[in-house]
């Protein structure tokens, strides 16, 4: 068999045997991009060698389209995201059990994020404390390529007044490590608070004293375990510094409600 035929068979083997095997499960996976590159690296070098090319052939030529002189090899990182987004789009409009699971997962990430903006419409907003999931994997790729996904009836936390802001957005203005952000968010979820209006009194003059003691407000339930003392210290520290500035309290006192206030006496409901 000539070298030309061996090179041709190597190309066909990569395209019609290896690629389908590797991409079959990609629509439902959330393998980190670096791990996918590590998996593909060995197969790429072996295929290039069999095709008669240098193993260190430029990636632009390896993955480039045939119309531009490239080899048009499959990129696992891109295939995982494109197929995943297509799978997501299909099931969201299929109205089946998988659709319900996906919507629940997105809403869970939205609630955990603690931000007002839609997490899928604004994937560029970095949320380091989000639990890694299939959804966060898609957000990472969407942010890198400036993609957005608009979902009908998507749930988001609405502000309660003109100057109301998400607590995690306020905390992000300080220089804290991802570790502290994670534990601070655990406290926020435990207390079932999302925006500044949730921890301010109805007149907007002060923060509620129960919050500094890390006590849940009335009529609120949480399935999370009580946070440890280290996490409570982060919450005390951030609320204390923020309260001294009183910038939000002044704005909140002078603002008009844009939604029905959720205050009932000294408690609020999410």
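Rg and Dmax, both from the Cα atoms of the range 136-209 and both in Å, are 15.3, 44.
When the alpha carbon coordinates of the range 3-79 are projected onto the principal axes, the ranges are 38, 23, 22 Å, largest first. Ordered from longest to shortest, the equivalent ellipsoid semi-axes for the range 53-112 are 37, 13, 8 Å, each the square root of 5 times a Cα gyration tensor eigenvalue. A viscosity of 1.567 mPa s and a temperature of 4 °C, combined with the Kirkwood radius over C-alpha pairs in the Stokes-Einstein formula, give the range 95-144 a diffusion coefficient of 116 µm²/s. Just to be sure I understand the model, the point goes 7 Å from the Cα along the line to the Cβ. What's the resulting residue 126 to residue 31 distance in nm? Between residue 126 and residue 31, the simple spin-label model gives 2.7 nm. Taking the Cα atoms of the range 129-178, the ratio Rg/Rh between the radius of gyration and the Kirkwood radius comes to 1.02.
Kirkwood radius and radius of gyration were both taken over the C-alpha atoms of the range 54-183, and their ratio Rg/Rh is 1.08.
Throughout, read-outs are computed from the coordinates displayed, never taken from laboratory work. All values derive from a computational prediction rather than experimental measurement. Every residue, glycine among them, receives a Cβ derived from its backbone with ideal geometry; neighbour counts consider all protein chains shown.
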